[in-house]
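Bear in mind that the values in this text are calculations on the coordinates, not laboratory data. Remember, predicted model here, so these are calculated numbers, not experimental data. Here the Cβ positions follow ideal geometry from the backbone for every residue, glycine too, while neighbour counts run over all protein chains shown.
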Amino acid sequence: MQPRTRFGRCIVYGLLLGLSGLFLLPLLWLVSTSLKPIEQTMSLPPTWLPRVYYATIGDQRREVTLDHQLPDGRWQVIERSPTKMRTHALAQAIVPASAIEVRVKPRWENYRIALATMGGRSIEEAEGTVAARQTGYGRDTAVSFGTFLRNTLIVCLLGIVGAVLSNAIIAYGFAKIPWRGREAVFAVTLATMMIPFPVLMVPLYGVFKSLGWIGTLKPLWVPAFFGGAFNIFLMRQFFRTIPEELSEAARIDGCNEWQIFWRIILPLSKPVLAVVALFHFLWAWNDFLGPLLFLTRKHTFTLALALQNYQSQAGGVQWHHLMAASLVVILPIIVLFFLAQKTFIRGIATTGLRACFKSLNLS
Amino acid sequence: MTTREKRHLRNGLLFCAPWFIGLGLFTAYPVVASLFYSFCDYSVLQSPVWSGTENYRRMAGDTLFWLSLKNTIIYALLSLPAGMIVALSLALLLNTEVRGMPVFRTIFYLPSIVPMVASAMLWLWIFNGQFGLLNWALLPILDLFGLKPPGWLGDPTWAKPALALMSLWGVGNSMVIHLAGLQNVPKELYEAAEIDGAGTWRRFWHVTLPMISPVLYFNLIMGIIGSLQVFATVFVMTGGADGAPARSTLFYALYLFSVSFYDLRMGYGCAMAWVLFILIVALTVVATKLTEKRVHYAT
């Protein structure tokens, strides 16, 4: 609809701008916090830009933190040092406000420290001021971010290969081959979408336990190789729109079913394959309950679980590091979104919607 | 059966073979086993011992079960209507033809793809009672009325509203579905209504709403199913499955999880899962019956 009057257009723009500001604010806050030194995350009123303060203590110009303001307007400043942690070892001074130099400067090292401490190292270990703990729990207390990333990528990529391949093969069987009993089996397939995960949770745990998969990444990607009801449905709908004449022509040329599937149908189905791959990636990257149930040791954690673990172990003060780690988990998804925006929109707005509709109105 | 039919059957079964394994191993067996366990004493460490309807009877007297159900329903009543209204309003705004629309659509959609654990982390920080962004923004307004800002996730009364508020940030998905519904409404209907003298409000009430009623219905059902099973965000934000503070966020899925995997009372957990399943089916049926006459399918 087109707003008719200029006044109407102004209102629409005003609302759009205001609301998009509101929706972006949390993300800006995330970025802002992730680039601040710890004491600025806890300043009141909160500031949006990370700053660095310099002042002269003794005869040396140093980076300082503002401790508190005295009644006469001067500031008690403390030297800022990443290596000296205890307060009494740090140089202090009282300086007039005009003698403090302020610069806006993002603290990029938050990211380095967050990623280094995410696996359980202490900040001192990450800074290199204390030697890393070697043995004992060794492997479990200090896992690097790289391990979490690798685990997540294994789950995502193997899962994508499995989901795309298996669902395409299965959907071909449902869409293009008229076998007896097909409709009944397909109805059962759709009905399984109604089953909530908690119903399956406990027996699935039992299945994976008897396979010896608990504590490994296998429960998170192997099932993808055996199809999923929704993706089968999505691909079946797409395959049915491909004219039967193409298959017939190939058949006359002597192709068997597999060759028709592999050489004719699959190359024509790239859009739906992309949708399935993209949504599987998103789902696997975000999945929290699966890893929580099936992963037991830290060196097998995925990023989602590792992030939660980091928060619950590092406690509630290291907000700048938590936000930095969160952003690192978010960023690949946002980049992917901008790279694959068309696939996204197609996935949700058209295929996804129509698919869900039809599945709800089976009768 | 002709040879052709036999060949089709063989090929069809071969192509669908992976699904038969998957369906059997990861769905059919778990469903049957779960139903069986729900009548048993079972922990994954020992084999199940038949206990009849004991689990279900115990549920009726379990105060935590009822509390978790109550918490979940309150949360659903807070988040579901608010979410539907916000999603529809945003979709209506995005459906106007003004310039820059793709940018706005992207901005509103973006939060819904943020990984759940990460957005939970972010909102934990925003809700922080002392240094959080939200309370800082609210402070000047509340000060006018002499009120103190709530402690949000630290306060049993405000924890559920906080979670519902946060869920509004992620309405992008249902917004896009609403938007697709709005864009499918034929323009001629609006033109006809206008010729008949219908104003903006009546066009919305008598044209837009009936035409997008299938979308509303779909979002309602998905919303019910989703809000009854809310788990990950709450688990992350309240530091585990015990529903802190003071069990005010002990939701159904959290209690089910802690019963099954902390207490290892997996038979009871399965019974709870089946009650949830039945509840979802019942609510879906009720919602369908209530909206049946108002949901209008164009084709």
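Would you kindly give the portion of the calculated P(r) for region B:110-176 that falls above 16 Å, as a percent of all Cα pairs? Considering region B:110-176, 52 percent of its Cα-Cα pairs are separated by more than 16 Å. Starting at 0 and stepping by 10 Å, how many percent of the alpha carbon pairs of region A:145-360 end up in each bin? Taking all Cα pairs of region A:145-360, the binned fractions are 7, 28, 32, 22, 9, 2, 1, 0 percent. Average 1/r across all pairs of distinct alpha carbons in the protein assembly as shown, invert it, and you get the Kirkwood radius: 27.9 Å.
Taking only the Cα atoms of region A:22-126, the radius of gyration and Dmax are 15.4, 48 Å.
Can you bin chain A into rounded, prolate or oblate? Criterion: square roots of the alpha carbon gyration tensor eigenvalues sorted a ≥ b ≥ c, rounded for a/c under 1.5, prolate for a/b above b/c, oblate for the rest. Prolate is the answer for chain A, as a/c is 1.5 or above and a/b outweighs b/c. Summing +1 for each Lys or Arg and -1 for each Asp or Glu among the other residues whose beta-carbon sits under 11 angstrom from that of residue A:324 gives +2.
Once region B:62-291 is represented by equal point scatterers at the alpha-carbon sites, with solvent omitted, what log10 I(q)/I(0) does the Debye formula produce at q = 0.13, 0.14, 0.17 Å⁻¹? Normalising to I(0) and taking log10 leaves -0.90, -1.00, -1.25. Panel order for A:225, B:145, A:174, by other beta carbons found within 10 Å of each beta carbon, from fewest to most: B:145, A:225, A:174.
Applying a length cut-off of 20 Å (Cα extent along the axis) and a mean Kyte-Doolittle floor of 1.0 to the DSSP H helices of chain B leaves B:63-94, B:209-228, B:266-291. Around residue A:36, under 11 Å between beta carbons, what's the net of Lys plus Arg minus Asp minus Glu among the other residues? Summing Lys/Arg as +1 and Asp/Glu as -1 gives +2. What Kirkwood hydrodynamic radius, in Å, does region A:198-315 give when the mean of 1/r is taken over all pairs of distinct Cα atoms and then inverted? That comes to 17.3 Å for region A:198-315. Computed over chain B with a Gaussian network model linking Cα atoms closer than 10 Å, the most mobile of B:169, B:19, B:158 is B:19. Each Lys and Arg contributes +1 and each Asp and Glu -1, all at the Cβ; summed about the Cα centre of chain B, the dipole is approximately 580 debye.
Two numbers describe the Cα atoms of region A:51-104: Rg and Dmax, which are 10.6, 32 Å.
Most tightly packed first, judged by the mean number of other beta-carbon atoms within 10 Å of their residues, the peptides B:113-124, A:238-249, A:188-199, A:293-304 read B:113-124, A:293-304, A:188-199, A:238-249. Per-residue mean of foreign Cβ neighbours for A:203-210 is 6 (Cβ atoms of other chains, 10 Å radius).
Using the alpha-carbon atoms, what tilt in degrees (0 to 90, nearest 10) does helix A:229-240 show relative to the longest principal axis of chain A? In chain A, helix A:229-240 runs at an angle near 50 degrees to the longest axis. Computing FRET efficiency as 1/(1 + (r/R0)^6) for residue A:7 and residue A:48, where r is the C-beta to C-beta distance and R0 is 25 Å, gives about 0.15. Think of the protein assembly as shown as having a plus end and a minus end, set by charges on the Cβ of Lys, Arg, Asp and Glu; of A:189, B:241, A:64, A:189 sits farthest toward the positive end of this dipole. When chain A is modelled as a GNM with alpha-carbon springs shorter than 10 Å, which of A:273, A:27, A:49 fluctuates the most? Answer for the Gaussian network model of chain A: A:27.
Averaged over the residues of A:164-177, the number of partner chain Cβ atoms lying within 10 Å of the residue Cβ comes to 4. The amide H of residue A:57, built 1.01 Å from its N in the peptide plane, has A:62 as neighbours under 5 Å, considering only residues 5 or more places off or on other chains.
Compute the angle between helix A:303-314 and the longest alpha-carbon principal axis of chain A, please, reported from 0 to 90 degrees and rounded to the nearest 10. That works out to roughly 30 degrees. Annotation: amide H-H contacts under 5 Å for residue A:75 (H modelled 1.01 Å from N, sequence separation of 5 or more, or interchain): A:70, A:95, A:97.
Can you give me the Cα centroid spacing of region B:147-186 and region B:1-15 in angstrom? So the separation of the two Cα centres works out to 51 Å. 3J(HN,Hα) along region B:52-61, derived from phi through the Karplus expression 6.51 cos²θ - 1.76 cosθ + 1.60 where θ = phi - 60°, amounts to x, 8, 3, 4, 5, 5, 5, 4, 4, x Hz, with x in place of Gly and Pro. With θ taken as phi - 60° and the Karplus curve 6.51 cos²θ - 1.76 cosθ + 1.60 applied, the whole-hertz 3J(HN,Hα) list for region A:11-27 is 4, 4, 5, x, 4, 4, 5, x, 5, 5, x, 4, 6, 7, 3, x, 5 Hz, x standing for glycine and proline. Here the Karplus curve 6.51 cos²θ - 1.76 cosθ + 1.60, taken at θ = phi - 60°, turns the phi angles of region A:273-280 into couplings of 4, 5, 4, 4, 4, 4, 6, 5 Hz, with x standing for Gly and Pro.
When the charge dipole of chain A is built from unit charges on Cβ atoms (+1 for Lys and Arg, -1 for Asp and Glu) and taken about the Cα centre, the candidate among A:325, A:261, A:46 whose Cα reaches farthest toward its positive end is A:261. Summarising the amide proton neighbourhood of residue A:51: residues at separation of 5 or more, or on other chains, whose placed amide H is nearer than 5 Å comprise A:105. Within the listed set A:14, A:215, A:159, the residue fluctuating most in the Gaussian network model of chain A (springs between alpha-carbon atoms under 10 angstrom) is A:14.
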